[in-house]
Amino acid sequence: MTDRRMWKAVAATLWLAAAVAFGAVPADPILNNASVWRCCFVTRRPVVRVGGEVKEVLLHGYSGVWMVAEGGKELMPAMESAAPPPEWTRPDFDDQAWPRLPGPFFPSHRGHAYCKEVEDAGYLFFEGAYPTLAAICLRGKFLVPDPAAATDLKLSLAYRGGVVAYLNGQEIARANIPEVERARAIEALAEDYPREVFVKEDGKLISWGFGDPVKCHAQLQKRIRTLSDVAVPARLLRKGVNILAIEAHRAPYHEAIMGQGRSARGYDINWVTVGVTRVELTGGPGVTPNIARPAGIQVWNQDTGARTKASDYGDPCEPLGPIRLAGARNGSFSGAVSVGSPEPLRGLKAAASDLSGPGAIPASAVQVRYAAADKEAGLAFEVLVPEPPADAVVPVWVTARVPRDAKPGDYKGSLTISAEGAKTVTVPIELRVSEWTLPEPKEFRSHVGLTQSPESVALRYKVPLWSPEHWKLLDRSFELLGQAGADDVFITALRRTHFGNEHAMVRWVRRPVGSPKPDLSIAEKYLDLAIKHLGKVPVVCLYCWEPYTGSHYAGRVSKESRGMLYTVVDPATGRLEEAEGPKWGTLEVREFWKPVFDGMRDILKKRGLEGSLMVGVAGDSQPNKDAVEDLRAVAPEAKWVVHSHSRADKLFGQPVGYLADVWGSPIAPDPAQTRLYGWKAEFLRTTFPREGSNTVKPLRTWSPLVQYRLALEGMSAAGLHGFGRMGADFWDVLDPKDPLRSTYSRSLNLLGRYPESNWAQLYLGNSTPYVLVPGPQGALATARFEMIREGAQDVETRIFLEKALLDPASRARLGDGLAQRVQQVLDDRVRAVLLGRTSWLLFAGAQERLDRLYALAGEVAARLRE
């Protein structure tokens with residue numbers, strides 16, 4: 001370049017910078033809330049400034065009351081996450097293990113009861129979650145093709161607490177946070193908030209309801225601090241990828257929240273003092289914005305544990321990486337990429353190759369599916385279908401079924417993706433197979449309590465109940481449930497139960513002379529179909545009791561009871577009739593039930609399932625003494641199934657054999673204190689994951705997918721066998737005008753549709769009514785079902801390792817070094833689950849932990865074979 005041309009370029013750059021500064025040229029957004037951010041969330045116990053001194057507080061109760069550390073026992077381990085290394089702000093830092101999210105951090109929480117009131121008040125950032133959140137670290141990326149052509153940028157932030165901003169590792173702004181030595185910077189506290197943002201003039205806590213969002217609007221807005229139009233020198237830019245790093249810090253809570261709300265001795269914390277609610281990095285030409293999906297078709301890596309959104313896009317500053325899978329022989333393991341375009345994708349196709357390594361895994365063992373919308377649940381990318389939907393974003397799932405005889409080692413292959421108007425993209429597939437061989441799902445030790453609904457299947461596909469077409473469809477449902485190691489089979493002997501069955505499987509055949517005779521042929525065939533796919537299930541529950549037949553609640557005996565509702569069939573016509581049987585405590589009731597249990601006992605004995613017979617289903621309303629004694633008289637060996645809020649071990653002296661409870665479910669302890677092993681417990685206790693009072697928080701239809709993946713492992717670490725009272729296929733099958741829709745949920749599925757078997761808060765759909773969905777030829781898997789299936793494999797691997805550690809002879813063969821490494825990996829997984837309980841956004845590094853789990857299982861298996 002000549003001197004004259006050089007000075008012209010310099011002059012043009014100076015003019016452009018001045019024009020941008022004075023508004024002659026509009027500044028373009030480069031990064032904002034819509035951008036893709038790599039995130040790290042740091043947790044610590046909350047702190048309160050009391051009399052000038054900062055004190056830690058512990059969670060003291062499920063109600064959310066926090067107490068000063070020396071003032072009470074900690075109810076749930078407050079796991080502290082690792083801080084990122086000091087160099088995390090630099091461009092060369094590897095952030096691929098961090099979650100990828102758009103801002104803000106965090107927005108209004110729509111699950112909160114008073115969210116509508118908050119939003120109507122114009123207060124957009126509900127802060128009522130995660131009081132243990134201490135710091136937020138964000139990394140946003142943007143491209144600068146030619147730094148010489150770029151001008152100064154401007155940065156504006158809205159945040160809670162205090163912030164520090166960096167560009168390519170250089171600090172560019174700091175607000176409401178003192179300077180601290182870099183090695184300890186993440187622990188620094190932001191400037192205190194004034195008393196008025198915590199409490200009202202009368203000293204009472206500002207709540208998220210009762211009119212406070214409107215009355216205290218000005219006070220709530222003061223929680224949001226701002227930093228505006230900070231100049232970012234162009235000299236800090238570099239050619240290629242640039243990193244804007246934002247570090248947000250919490251402020252201590254004010255002592256004014258002491259004695260508020262639910263405790264006179266504790267602190268009622270209802271908002272979090274750290275957050276980044278708005279990011280705006282702007283500039284002129286010379287910088288490539290990263291605020292939306294780029295033009296054309298894009299493919300990016302997708303975490304199967306994270307839900308995809310229609311607004312998602314792959315960060316163009318990050319290269320497309322391989323689909324990485326880690327697992328064991330005889331297991332199935334999934335990874336994914338997403339394909340996106342500004343317009344609906346047409347002609348999308350994806351095909352997997354053979355996987356080559358120490359041996360060969362054929363392409364036929366690598367299943368390719370596409371995530372489509374579940375319209376009933378309102379989830380955009382939930383159903384895994386064999387053909388791609390015509391959407392603008394389509395996640396592509398790859399599931400490798402590793403043969404039992406596969407040689408251990410690293411396998412490589414590829415996924416080829418093509419679409420109309422786009423170049424073919426090849427994504428590498430990397431599979432690491434350990435020397436550990438998983439048992440068949442039928443033999444898994446964890447308990448997967450998914451309830452199948454034959455009536456829902458028949459109604460959805462409009463086929464006669466128990467017809468050949470119906471049995472074929474049921475076979476498909478059980479085939480899928482068998483892949484996850486499902487364990488529950490319910491045989492309805494009553495009609496109009498909570499499961500919404502109009503008639504029962506057990507029918508009484510009308511006879512010319514004498515009372516009707518029970519017919520168990522449907523029940524027997526249904527059980528055989530379940531055994532075919534599930535194996536020797538531990539629970540075969542004869543559903544023969546409902547609260548309307550005679551119950552007591554909290555010690556109060558129900559004054560209303562009636563005879564059980566059952567089904568009579570006319571042998572000549574096959575016509576089904578409704579009938580009402582004898583009441584509990586009468587002479588006739590034992591004669592009524594004895595042939596049923598005699599028949600069930602014979603059926604189960606022939607199949608080696610004598611110990612699986614149970615009766616139920618009891619809940620918070622439990623059977624009265626007459627019901628328990630009558631059933632004990634005809635089936636003394638049959639234990640009770642109880643699905644309730646609290647724990648129950650016996651009902652009038654009769655043992656409970658299978659419990660799924662809500663509130664009483666324990667939380668896994670910190671492994672540093674003690675360790676629990678669900679598989680060792682003799683009592684079959686599970687959790688009904690309706691609420692967040694257990695280790696993994698609720699398993700609702702809309703819950704984060706990673707919760708489903710870690711549910712069984714978290715429950716095992718809490719001393720539980722698994723989960724119960726979750727639906728497999730209770731689909732929406734009722735007409736919206738049907739008067740028999742559940743008076744509790746008003747849903748269109750069959751659950752609780754009869755008033756006498758409503759069950760209110762114990763409505764089964766309060767977890768999830770289904771994890772399978774109806775496809776053209778039968779049930780299909782959802783993403784959450786796949787997470788359950790792979791989670792069952794993970795916990796089975798964990799159990800294998802735990803057994804090796806707990807058996808003295810096996811541990812001696814491992815040696816101290818290997819045994820210690822195994823224990824460390826298992827403990828790290830429990831701590832990760834406990835961290836995720838605060839927020840699954842904290843659950844980073846999942847793939848690395850899976851790699852270590854399966855690699856160590858292979859190492860242990862090899863050592864034990866020596």
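Of the peptides 437-448, 782-793, 466-477, how do they stack up when ordered by the mean number of other Cβ atoms within 10 Å, highest first?
So the peptides 437-448, 782-793, 466-477, ranked by packing, come out 782-793, 437-448, 466-477.
Among the listed pairs Lys525/Lys625; Lys215/Lys309; Lys517/Lys650; Lys532/Lys697; Lys141/Lys309, which are separated by more than 23 Å between their Cα atoms?
Those over the limit are Lys525/Lys625; Lys215/Lys309; Lys517/Lys650; Lys532/Lys697.
By how many nm would the segment from Ala149 to Lys239 lengthen if fully extended, with 0.36 nm per residue of separation less the alpha-carbon distance?
Going from the current span to full extension adds 31.3 nm.
If you plug each phi of segment 478-485 into the Karplus form 6.51 cos²θ - 1.76 cosθ + 1.60 with θ = phi - 60°, what whole-Hz ³J(HN,Hα) values come out, in order, with x for Gly and Pro?
Each residue's phi maps through the Karplus curve to give 5, 4, 5, 4, x, 5, 9, x Hz.
Restricting to lysine pairs 8 or more places apart or on different chains, what number in segment 342-445 have Cα atoms under 29 Å apart?
5
Using only the Cα atoms of segment 354-447, what semi-axes does the equivalent ellipsoid have when each is the square root of 5 times a gyration tensor eigenvalue? Give whole Å, largest first.
29, 21, 9
For segment 795-866, state which chymotrypsin sites (Phe, Trp or Tyr not before Pro) are in a DSSP loop and have at most 13 other beta carbons lying within 10 Å of their beta carbon.
Of the chymotrypsin sites (Phe, Trp or Tyr not before Pro), not one in the loops of segment 795-866 has a Cβ with at most 13 other Cβ atoms within 10 Å.
Could you work out Rg/(2.2 N^0.38 Å) for segment 569-649, with Rg from alpha carbons only?
Relative to the rule-of-thumb radius for its length, segment 569-649 sits at 1.28.
Less than 13 Å Cβ to Cβ from Trp759, Lys/Arg counted +1 and Asp/Glu -1: what total charge do the surrounding residues give?
Combined, the nearby Lys, Arg, Asp and Glu give +1.
In 10 Å bins starting at zero, report the fraction of Cα pairs in segment 476-522 per bin as a rounded %.
The percentages, shortest bin first, are 22, 33, 32, 9, 3.
Mind giving me the nanometre distance, one decimal, between the label points for Ser515 and Val557, set 7 Å out from Cα along Cα→Cβ?
The two pseudo-label positions are separated by 2.3 nm.
More than 28 angstrom separation, counting every C-alpha pair in segment 441-576; what % is that?
26 percent
Give the long-range amide H neighbours of Leu58: residues separated by 5 or more places, or on another chain, with amide H under 5 Å away, using H modelled in the peptide plane at 1.01 Å from N.
Sorted by chain and number, the residues that satisfy this are Met67, Val68, Ala69.
Which whole-number value in Å² is the accessible area per residue of the chain, probe 1.4 Å?
41 Å²
Can you list which of the trypsin sites (Lys or Arg not before Pro) found in segment 362-411 are DSSP loop residues with at most 12 other C-beta atoms within 10 Å?
Lys375, Arg404
Can you list the residues, at least 5 places off or on another chain, whose amide H is less than 5 Å from the amide H of Arg307, using H built in the peptide plane?
Long-range HN contacts for Arg307: Leu705.
Compute the Rg/Rh shape ratio of segment 166-231: radius of gyration over Kirkwood radius, all on alpha-carbon atoms.
Ratio of gyration radius to Kirkwood radius for segment 166-231: 1.12.
Would you pull out the residues with amide H under 5 Å of Gln302's amide H, same chain only if 5 or more places away, H placed 1.01 Å from N?
HN-HN under 5 Å from Gln302: Ala336, Val337, Ser338.
Of the peptides 666-672, 683-689, 420-426, 217-223, how do they stack up when ordered by the mean number of other Cβ atoms within 10 Å, highest first?
683-689, 666-672, 217-223, 420-426
Add +1 for every Lys or Arg and -1 for every Asp or Glu among the other residues with Cβ under 11 Å from the Cβ of Gly52, and state the total.
In short, -1.
If you plug each phi of segment 191-196 into the Karplus form 6.51 cos²θ - 1.76 cosθ + 1.60 with θ = phi - 60°, what whole-Hz ³J(HN,Hα) values come out, in order, with x for Gly and Pro?
4, 4, 8, x, 4, 5
Cα convex hull of segment 555-714: how many Å³ per residue?
Cα convex hull per residue, to the nearest whole number: 189 Å³.
Given the Cα-Cα distance of Glu196 and Gln777 and 0.36 nm per residue of separation, how much length would full extension add, in nm?
Here the answer is 203.0 nm.
Modelled label-to-label distance, Asp405 and Gln170, 7 Å Cα→beta-carbon offset: nm?
Here the answer is 6.3 nm between the modelled labels.
Please sort 604-613, 150-159 by packing, taking for each peptide the average over its residues of neighbouring beta carbons within 10 angstrom, highest first.
Those peptides, ordered most packed to least, come out 150-159, 604-613.
Once fully extended, how much extra length lies between Lys606 and Asp303, figured as 0.36 nm per residue of separation less the alpha-carbon to alpha-carbon distance?
104.5 nm
Carbon-plus-sulfur fraction of the accessible area of segment 340-473, 1.4 Å probe, in percent?
52 percent
Please report the antiparallel percentage of DSSP beta bridges with both residues in the chain, rounded to the nearest 5.
The antiparallel proportion sits near 75 percent.
The values are calculated or read from the model by the stated rules, or taken from the named source; none is laboratory data. The model shown is predicted, which means the values in this text are computed figures rather than measured ones. FYI the Cβ positions are ideal-geometry reconstructions off the backbone, even for glycines, and counts take in every protein chain you see. To get the accessible areas, we keep the full protein, side chains included, count just its heavy atoms, and leave off ligands, DNA and RNA. Shrake-Rupley method; radii C 1.70, N 1.55, O 1.52, S 1.80 Å.
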